[in-house]
Amino acid sequence: MIYYFSGTGNSRYVANLLGEILDEDTYYIPHARGALVQPQGNTLGFVFPVYSWGVPPIVIEFFNKLKQEFIDNVKKRAMPVWCVMT
């Protein structure tokens, strides 16, 4: 599973390309906010831009709202977690 945020489309392109290569579903972070997400797939990836001042606030907010249960499930499944910053 790949979560991504994209302002101009560059990160969306990278996320979708990686999703095809890795056979993982992609999820747009603004649509996933507030949803009860469950680990799926073989890996957990995040793709987002880095602005001159840092990570977009919406991405930080998404990370902060991940439930401990989600994090524990990722650890139990030993899912590799990775990140691509565009």
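The values are calculated or read from the model by the stated rules, or taken from the named source; none is laboratory data. Just so it is clear, the model here is predicted, and its values are computed rather than measured. Cβ coordinates were reconstructed from backbone atoms using ideal geometry, including for glycine residues, and neighbour counts include every protein chain displayed. Keep in mind that these areas ignore ligands, DNA and RNA; they rest on the heavy atoms of the full protein, side chains included. Shrake-Rupley method; radii C 1.70, N 1.55, O 1.52, S 1.80 Å.
For Val47, the residues whose amide H sits under 5 Å from its own are Tyr3, Tyr4, Phe5, Val84, ignoring neighbours fewer than 5 places away on the same chain, with H placed 1.01 Å from N. Placing a pseudo-label 7 Å from each Cα along the Cα-to-Cβ vector at Asp25 and Arg77 gives an inter-label distance of 1.0 nm. Computed over protein heavy atoms with a 1.4 Å probe, the accessible surface of the chain works out to 62 Å² per residue.
Calculated mean residue ellipticity at 222 nm for the chain: -12000 deg cm²/dmol, from DSSP H runs with n ≥ 4 weighted as -39500 (n - 2.57), summed, divided by the residue count and rounded to 500. When each of the peptides 65-78, 17-30 is scored by the mean number of other C-beta atoms lying within 10 Å of its residues, the order from highest to lowest reads 17-30, 65-78.
So, with a 1.4 angstrom probe, what is the percent of accessible area on the chain that is carbon and sulfur? Accessible surface attributable to carbon and sulfur in the chain totals 56 percent.
The dipole here belongs to the chain: it is taken about the Cα centre, uses +1 on the Cβ of Lys and Arg and -1 on the Cβ of Asp and Glu, and is about 240 debye. Here's the picture: charge each Lys and Arg Cβ at +1 and each Asp and Glu Cβ at -1 in region 1-83, and of Asn10, Phe63, Pro30 the one pushed furthest to the positive end of that dipole is Phe63.
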